[in-house]
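Student: Can you keep this structure in mind? I'll have questions shortly.
The values are calculated or read from the model by the stated rules, or taken from the named source; none is laboratory data. In this text, all values refer to a predicted model and were calculated from it rather than measured experimentally. Here Cβ is always computed from backbone atoms with ideal geometry, including for glycine, and neighbour counts include all displayed protein chains.
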Amino acid sequence: MMTLPAVEVLRPGSVAEAVELLRDKPGARVLAGGTDIVPNLKYGMYETQHLVALRGLSKELRYVREEDDFVKLGALCSIDQLSREASMLPALADACAQIAGPQLRRMGTLGGNLCLDTRCVYINQTYFWRSALGFCLKKDGTLCHVVKGGKRCVAAASNDTAPVLLALGASVRLVSPRGERILPLRDFYLQDGVHNTVLQSDELLVEVRVPVRARSLKQAFGKLRMRAAIDFPALNLAVALEVAQGAVKSVALCVSAIAARPALIRGLEDLAGRPADARVAEELARRAQKQCKPLTNIGVDPEWRREVLPVLVRRTVSRALQD
Amino acid sequence: MSVGKRFPKVDGASKADGSGIYADDISLPRMLHAKILRSPHANARIRRIDPSPALQVPGVVATLIGAEMPEKYGVIPWTHDEQALATDHVRFVGDEVACVAALDERTAEEALKLIEVEYEVLPAILTPEDALAHPEIKVNERAKVGNITKQVQLEFGPVDEALASAATIARQTYFYAGSTHTPIEPHCAVARVDADGNLTVWSSTQIPHYLQRELSRVLGLPQAKVRVIQPLLGGAFGGKSDPFSLEFCVAKLALKTGRPVKILFTREEVFYAHRGRHPMKMDVTVALDREGRISAVDNKILIDGGAYASFGLVTAYYAGQLLTGPYRFGTYRFDSKRMYTNKPPCGPKRGHGSVQPRFAFEVALDEAAEKLGIDPIEVRRRNFIGEFVETVNGQKITSNGFLKCLELVEEASGWRTRHGKLGPGRGLGVAGSMYITGTAYPVYPNEMPQSGVLVKLDRSGRVAIFSGASDIGQGVNTLLCQIAAEELGCDPRDVTIVAADTDLTPVDLGAYSSRVTFMVGLAAREACLKLAEKLRVAGGANFTEACQRAEAIEGAPLAAAGGYRTQKLGGDYRGGTIGASPAYSFTAHVAEVEVDEETGIWKVSKIWAAHDCGKALNPTLVEGQIEGSVYMGAAEAQMEEMVYDQRGLLFGPSLLDYRIPTSLDTPDLESFIVESNDPGGPYGAKEAGEGPLHPAIPAIANALHDACGIRIRELPFYPQRILKLLRERRDKERAA
Amino acid sequence: MRKTELIKLFVNGEEHSLAVPVQRTLLEALRYDLGLIGSKQGCDKGDCGACTVLARPRQGSGRGEPILSCITLAADAQDLAVTTIEGLAGPQGLDVVQRAFVDCGALQCGFCQPGMMLSARALLDNCPKPSLPQIKEALSGNLCRCTGYSQIYQAVQVAAGMRKPSARAPVQAERAAPSDSVAHPVKEIVP
């Protein structure tokens, strides 16, 4: 059996206690559902000696409620719970229903999914495997095996909730011993595969806020995966359109599982006023393909992913417009 | 009447309540846990190795290196080319180098990192083509010529003449990717040495007897001092039918420390142990005469063997020898070459050696028939070889229910009204196959029975069966109970099975080549018949009373033995005995697929599979074997492949990256049992565990052709490959 | 020596106090400390479902939801009530799910099945008459390598009382059975 390195579980009873522990134990990491961090620990990807377990915060951080013009989602909502309870945001519920497999959806949390570490075929491997490879930029090495001569890690954001929440204009509430801040999700992610969020080491993502107006957006989530369960996305995307009298008022499209940061497709403002029809879907597909360049970081043929991307965008947009 | 009934598995309840003991469930007092250090290089000389720093770690009890047991071994006696731990040469990334035993797994794992190994890295050979081109780079010193494990060239009849006069010829190159068994249970072994020096090894093995022989040889212990016990086995599929490094390591460490030792492979290590499907490149020519009869088949096969021989000698033969049914070949020639390469060794995966050429041939046959305008099912019917006939290469076919199989899947799939008519993106495809029911000869030549069964009757009415056979999930223990009930008239639930324990049970050669039901079944029946006669003479109101009266007459405990003795079979030429089998099973599949022509994404919606197993001793078990086989074949077509990088590093040795189908990826399966009642088999039975896998892949490929006019010749049928073929088809249409 | 800690686990209705290495997973604690060997290890890291157990908060009710014990830390499982395959059977014998798996041939090697049966049990606890797509979805986190899943679906349907275990197509005889396997004298002894 693959064993875990010695790592101690700390069990705070409140958010305040949790962030203090994160501050006081250098290198400590957060343990929520454990579906990402535990395999990564077994692979020797972190030097962590302490895990701050959040199970004791479940009551505090497990809620779906509407308040102050926001749909507020507690960070410890399970993925499975959101697939059932987030029906007011159908694209989010749909994305959650398609994550991994049934057990992992019960264990995995919203906060954990948003903070999911980036993934790459050269990093999500055992210590032995990575040592045979000669390690890589993300951990223990100096070479990138995806981009020859690359200096910045291109491990891919592989969370399915992120593109949806980005397209819906969500923000996140982050708490640290120094206080709290609310950040638009679009400012949360960085283009750096080693650490792709602005989250500080003593900071905890406690809540996601989606503007209530997102409920009335035409929205859909699209995903490409090679196996129908127990798999990460080979591509995922979400679209949210504001449509009035058959015309597009605004549109947001986010594509991920490509690079370290989920990509909000740029320059879509000029689509306002266009009829919400197949041609706009076609146009969004064209632009997404132009702005996204799949790499070999995900073990699925990048050329093919590039070819399928516009089809997936077009179909997802069409689905959003149909509903 | 018990045989032929849907009798639940005798070990079902203990598997259902979690109490059944698998190898890793064994825990002994003072037991140590060991871990194996592996080579990070695909090809390297070991210049120096020093395990002593590992011994300094608190909790480490012993280390082990190759020099302590350098003797080479291998499942086939002619190709001993493996060492439990390499002494001087590592041949693939993951090859075993050293071992540490400690109080717990983590300590052993951390201590491994302290072992000092100096390597001289050599260029690695990663493809069979490279292996041919660079004979000067030796992957494995056992190869007499270059890097060839084994080459077989055989010709039956004037192939070139037949080709010259053919009405049509389909000639193409096919590539079958390597895949691996992926039993859900990782390999595990536990060893203990008692105070008298008797060694016991519990191992997740399909071949307790061969393992006992190899342990004895490598460790230098008399065979009588080595006991191998196979606990419940969590899946095997051929992946546990070689002796493996962990078994030698736990045994040696137990001898060294005087304490029990366990090794449980990680999932990653299971991938390095491998012995899975050989990648094969096949240049196949199929010629039909004007009536659509197969006049010639010519196959040039290049086999990627990996770093060690395993069953490779047999693989090179099987790749050619097992193709000659269920159709009559006018003439036949094959040239197969298994190459050593610096990758984990390939071996016998379910349908050993013959799944790959079967794919190529069945697709080629479709293509040739299409040129003559003959329906795919019709061409298969027209070429049916018949019953009780000899194949072109001298194998004796007995019963043959292939036509019935074809008829069933034709009917069930609505072939006549649906093939070619399902519209764009949907299609049906058919394929057939033949497989052996056990290989005629043991892997080491001897005159002793291949299977032995002892049956003891107690005066309480309890029956005990001692059988060397490995129940690997296929249900042989249940069949033994049914056979006892059938012949003795006892309740099948009053039978105790003692199985696969080399001290207690008679030898059985192992659960490989689909031999178990046939050979063990005959041995068991023989033993039971002897006792049944005594019971008949004794009489009595019920079974228990009959036992008591018979024992009184006997004046001794009631027991009898039965055996399966090797029959002389096979063609009269060098290699003619390989592929010879006392009976052959036959299968036909129809697959239905749906293709998304914009993305290349496709799925198998359904597979109808009909299999001639001779006689279903337990239809529920036979259906399970058919469905499990079809699933595994479809999986190879859909998604499975062992992919390596340019260093010889296996991409993603995990169940996340090496994708096997979930319930949502598996096609709907409908199985049909055909009973041809073989005169040689127990109650007419043949095999069901491997044959039904074969047609799945070509049936799917042929269905993809029906759905969208493409011929895919390379596995797996990745959507990107489908999309590329669709584009080529459209380009061609546009040009025309 | 390794750093250890004292933990309390609530499994199959019993509370256990254990001293374990700090990084003990729930699966290791179940298998190696509590002797509950029915939970299996197949992939090391949450990819196969063989280690599935049912869990709920201690103060809750019912058996709870399927989770993966190989990626759950034992120390983090102290607030959970866990049901393993050993906790499924009762004084009456096997649970209907277990019985149906035996009867339908769903257990071949049996290794993935404790996890599979627990996933099936959780499905039926929430949805007593599931459709086939619901069954497939609920079991999609449990890899089986033996069966091709068909007999497993049948077992779940049998456990749900939706079909009979032996409702299968009859065997197709190509030829009459050879005479030597039809009747045998010992059968006279059958009571």
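Student: Residue by residue through the range A:140-149, note down the ones that are surrounded by 19 or more Cβ atoms within 10 Å (Cβ to Cβ) and either of a type in the set (Val, Ile, Thr) or farther than 19 Å from A:Pro294 by Cα (or both).
Tutor: Across the range A:140-149, the qualifying residue is only A:Val146.
Student: Any residue in the range C:125-145 that is modelled with pLDDT of 95 or more, among the charged types (D, E, K, R), more than 30 Å from A:Phe232 (Cα to Cα) and not assigned by TED's automatic domain parsing to the domain that holds C:Leu68? Quick ask: steps written out before the conclusion?
Tutor: Residues of the range C:125-145 that are modelled with pLDDT of 95 or more, as a first pass: C:125-145.
Okay, now just the ones that are also among the charged types (D, E, K, R), so C:125, C:129, C:136-137, C:145.
Applying the additional criterion that residues be more than 30 Å from A:Phe232 (Cα to Cα) yields C:129.
Those left that are additionally not assigned by TED's automatic domain parsing to the domain that holds C:Leu68: C:129.
Within the range C:125-145, one or more residues are modelled with pLDDT of 95 or more, among the charged types (D, E, K, R), more than 30 Å from A:Phe232 (Cα to Cα) and not assigned by TED's automatic domain parsing to the domain that holds C:Leu68.
Student: Then there's this: Restricting attention to the range A:232-255, which residues are part of a loop (DSSP other than H, G, I, E, B) and surrounded by 21 or more Cβ atoms within 10 Å (Cβ to Cβ)? Step through it out loud before you land on a result.
Tutor: Our first condition is that a residue be part of a loop (DSSP other than H, G, I, E, B); within the range A:232-255, this holds for A:232-234, A:245-246.
Within the range A:232-255, A:Phe232, A:Pro233, A:Ala234 meet the criteria.
Student: So which residues in the range B:14-24 are in contact with a strand residue (DSSP E or B) (Cβ under 8 Å, 6 or more places away or on another chain), assigned to a helix (DSSP H, G or I) and either over 21 Å from B:Thr496 (Cα atoms) or of a type in the set (A, V, I, L, M, F, W, C) (or both), if there are any at all?
Tutor: Correct list: B:Ala23, B:Asp24.
Student: Could you please let me know if B:Leu37 is assigned to a strand (DSSP E or B), modelled with pLDDT of 95 or more and touching a Cys at 6+ places or on another chain (Cβ under 8 Å)?
Tutor: Details: assigned to a strand (DSSP E or B): yes; modelled with pLDDT of 95 or more: yes; touching a Cys at 6+ places or on another chain (Cβ under 8 Å): yes.
It is true that B:Leu37 is assigned to a strand (DSSP E or B), modelled with pLDDT of 95 or more and touching a Cys at 6+ places or on another chain (Cβ under 8 Å).
Student: Please tell me if B:Gly510 is facing another protein chain (nearest Cβ under 9 Å) and assigned to a loop (DSSP other than H, G, I, E, B).
Tutor: Numbers: facing another protein chain (nearest Cβ under 9 Å): no; assigned to a loop (DSSP other than H, G, I, E, B): yes.
In short, no.
Student: Something else: Out of all the residues in the range B:629-664, which are within 11 Å of chain C (Cβ to nearest Cβ) and either basic (Lys, Arg) or free of Cβ contacts under 8 Å to residues at least 12 places away in the same chain (or both)?
Tutor: Selection gives B:Gly652, B:Leu656, B:Asp657, B:Arg659, B:Thr662, B:Ser663, B:Leu664.
Student: Just checking, which of B:Ile607, B:Ile626, B:Ile601 is over 30 Å from B:Phe651 (Cβ atoms), at pLDDT 95 or above and within 13 Å of another protein chain (Cβ to nearest Cβ)? Quick ask: steps written out before the conclusion?
Tutor: Details: B:Ile607 fails: over 30 Å from B:Phe651 (Cβ atoms); B:Ile601 fails: over 30 Å from B:Phe651 (Cβ atoms).
Going through B:Ile607, B:Ile626, B:Ile601 in turn, the sole match is B:Ile626.
Student: Might you let me know whether the range B:41-48 holds any residue that is touching a helix residue (DSSP H, G or I) at 6+ places or on another chain (Cβ under 6 Å) and within 12 Å of another protein chain (Cβ to nearest Cβ)? So that I can check it myself, show each step before the final result.
Tutor: Taking the range B:41-48 first, the residues touching a helix residue (DSSP H, G or I) at 6+ places or on another chain (Cβ under 6 Å) are none.
No: the range B:41-48 contains no residue that is touching a helix residue (DSSP H, G or I) at 6+ places or on another chain (Cβ under 6 Å) and within 12 Å of another protein chain (Cβ to nearest Cβ).
Student: Follow-up. What about B:Leu504, is it more than 9 Å from chain C (Cβ to nearest Cβ), hydrophobic (A, V, I, L, M, F, W, C) and part of a loop (DSSP other than H, G, I, E, B)? Spell out the reasoning first.
Tutor: Numbers: more than 9 Å from chain C (Cβ to nearest Cβ): yes; hydrophobic (A, V, I, L, M, F, W, C): yes; part of a loop (DSSP other than H, G, I, E, B): yes.
So B:Leu504 fits the description; yes.
Student: Continuing with the same structure: For the range A:1-29, which residues satisfy the criterion of being within 12 Å of chain C (Cβ to nearest Cβ), touching a residue at least 24 places away in the same chain (Cβ under 8 Å) and among the hydrophobic types (A, V, I, L, M, F, W, C)?
Tutor: Within the range A:1-29, A:Met2, A:Leu4, A:Ala6, A:Val7, A:Val9, A:Leu10 qualify.
Student: Checking C:Asn12 against (1) within 27 Å of C:Pro130 (Cα to Cα); (2) more than 12 Å from chain B (Cβ to nearest Cβ); (3) polar (S, T, N, Q), which single condition isn't satisfied?
Tutor: With (1) within 27 Å of C:Pro130 (Cα to Cα); (2) more than 12 Å from chain B (Cβ to nearest Cβ); (3) polar (S, T, N, Q) applied to C:Asn12, the lone miss is (2).
Student: Output yes when any residue across the range B:426-444 is surrounded by fewer than 19 Cβ atoms within 10 Å (Cβ to Cβ) and assigned to a helix (DSSP H, G or I), and no when none is.
Tutor: no
Student: Let me ask you something else. Condition first: hydrophobic (A, V, I, L, M, F, W, C), surrounded by fewer than 24 Cβ atoms within 10 Å (Cβ to Cβ) and within 21 Å of A:Leu235 (Cα to Cα). Now tell me which residues in the range A:75-99 satisfy that.
Tutor: Matches in the range A:75-99: A:Ala93, A:Ala97.
Student: Here's another thing I want to ask about it. From (1) in contact with a helix residue (DSSP H, G or I) (Cβ under 6 Å, 6 or more places away or on another chain); (2) within 29 Å of B:Tyr435 (Cα to Cα); (3) among the hydrophobic types (A, V, I, L, M, F, W, C), pick out the condition that doesn't hold for B:Ala511.
Tutor: The one condition B:Ala511 does not meet is (1).
Student: I've got another one for you. Restricting to the range C:43-69, count the residues that are assigned to a loop (DSSP other than H, G, I, E, B) and either of a type outside the set (S, T, N, Q) or within 7 Å of another protein chain (Cβ to nearest Cβ) (or both).
Tutor: First pass over the range C:43-69, keeping only residues assigned to a loop (DSSP other than H, G, I, E, B): C:43-51, C:58-64.
From the residues that got through so far, the ones that are either of a type outside the set (S, T, N, Q) or within 7 Å of another protein chain (Cβ to nearest Cβ) (or both) too are C:43-51, C:58, C:60, C:62-64.
Number of matching residues: 14.
Student: Scanning for something farther than 28 Å from B:Asn446 by Cβ, among the β-branched types (Val, Ile, Thr), modelled with pLDDT of 95 or more and crowded, with 24+ Cβ neighbours inside 10 Å, does the range B:277-284 turn up at least one residue? So that I can check it myself, show each step before the final result.
Tutor: Within the range B:277-284, the subset farther than 28 Å from B:Asn446 by Cβ is B:277, B:279-284.
The next check asks that each one be among the β-branched types (Val, Ile, Thr); those that pass are B:284.
Restricting the remaining residues to those that are modelled with pLDDT of 95 or more gives B:284.
Checking the rest, the ones that are also crowded, with 24+ Cβ neighbours inside 10 Å come to B:284.
Scanning the range B:277-284, I find at least one residue that is farther than 28 Å from B:Asn446 by Cβ, among the β-branched types (Val, Ile, Thr), modelled with pLDDT of 95 or more and crowded, with 24+ Cβ neighbours inside 10 Å, so the answer is yes.
Student: Now, a different point. With closer than 13 Å to B:Tyr340 by Cβ and within 14 Å of another protein chain (Cβ to nearest Cβ) as the only criterion, which of B:Ala108, B:Ala143, B:Ala124 stands out? Outline the logic, then answer.
Tutor: On the way: B:Ala108 fails: closer than 13 Å to B:Tyr340 by Cβ; B:Ala143 fails: within 14 Å of another protein chain (Cβ to nearest Cβ).
From the options B:Ala108, B:Ala143, B:Ala124, the qualifying one is B:Ala124.
Student: Looking only at the range B:641-661, which residues are of a type outside the set (Val, Ile, Thr), in contact with a Leu (Cβ under 9 Å, 6 or more places away or on another chain) and within 24 Å of B:Ala131 (Cα to Cα)?
Tutor: Listed by number, the residues that qualify are B:Glu641, B:Met642, B:Tyr644, B:Asp645, B:Gln646, B:Arg647, B:Gly648, B:Leu649.
Student: Additional query: When residues of the range C:103-156 are filtered for being in a loop (DSSP other than H, G, I, E, B) and among the charged types (D, E, K, R), how many remain?
Tutor: Filtering the range C:103-156 for residues in a loop (DSSP other than H, G, I, E, B) gives C:104-112, C:127-131, C:139-149.
Filter again for among the charged types (D, E, K, R), leaving C:129, C:145.
Count: 2.
Student: While we're here: Please state which one of A:Met45, A:Met1 is in contact with a Lys or Arg (Cβ under 8 Å, 6 or more places away or on another chain) and surrounded by 19 or more Cβ atoms within 10 Å (Cβ to Cβ).
Tutor: Details: A:Met1 fails: in contact with a Lys or Arg (Cβ under 8 Å, 6 or more places away or on another chain).
Exactly one of A:Met45, A:Met1 is in contact with a Lys or Arg (Cβ under 8 Å, 6 or more places away or on another chain) and surrounded by 19 or more Cβ atoms within 10 Å (Cβ to Cβ), namely A:Met45.
Student: Assess whether B:Val3 counts as being in contact (Cβ under 8 Å) with a residue 60 or more places away in the chain, aliphatic (A, V, I, L, M) and surrounded by 18 or more Cβ atoms within 10 Å (Cβ to Cβ). Steps first, please.
Tutor: Details: in contact (Cβ under 8 Å) with a residue 60 or more places away in the chain: yes; aliphatic (A, V, I, L, M): yes; surrounded by 18 or more Cβ atoms within 10 Å (Cβ to Cβ): yes.
Yes, satisfied.
Student: When the residues of the range B:624-650 are filtered to those that are closer than 30 Å to C:Gly105 by Cα and of a type in the set (A, V, I, L, M, F, W, C), which remaining residue is surrounded by the most Cβ atoms within 10 Å (Cβ to Cβ)?
Tutor: Going residue by residue through the range B:624-650, those that are closer than 30 Å to C:Gly105 by Cα are B:624-641.
When the remaining residues are screened for being of a type in the set (A, V, I, L, M, F, W, C), the result is B:626, B:630, B:632, B:634-635, B:637, B:639.
Values: B:Ile626: 29, B:Val630: 31, B:Met632: 28, B:Ala634: 27, B:Ala635: 25, B:Ala637: 23, B:Met639: 20.
The extreme case among them is B:Val630.
Student: Pick out, from the range A:101-212, the helices (runs of 4 or more DSSP H) lying fully within it that include 1 or more residues that are within 17 Å of the chain's Cα centre (by Cα), among the hydrophobic types (A, V, I, L, M, F, W, C) and not assigned by TED's automatic domain parsing to the domain that holds A:Cys292.
Tutor: Details: elements: A:102-107, A:110-114, A:127-133, A:161-167.
In the range A:101-212, the matching helices (runs of 4 or more DSSP H) lie at A:102-107, A:110-114, A:161-167.
Student: Name the one entry in B:Leu221, B:Leu211, B:Leu255 that is away from every other protein chain (no Cβ under 14 Å), on the phi < 0 side of the Ramachandran plot and under 18 Å from the mean Cα position of the chain (by Cα).
Tutor: B:Leu211
Student: Confirm whether B:Asp160 is at pLDDT 95 or above and under 28 Å from the mean Cα position of the chain (by Cα). Spell out the reasoning first.
Tutor: Working: at pLDDT 95 or above: yes; under 28 Å from the mean Cα position of the chain (by Cα): no.
No: the conditions fail for B:Asp160.
Student: Is there any pair linking a residue in the range B:388-414 that is within 14 Å of chain C (Cβ to nearest Cβ) and without any contact (Cβ under 8 Å) to a residue 60 or more places away in the chain to one that is among the basic types (Lys, Arg) and part of a helix (DSSP H, G or I), with Cβ under 7 Å and at least six apart or on different chains, and which?
Tutor: B:Leu403/B:Arg381
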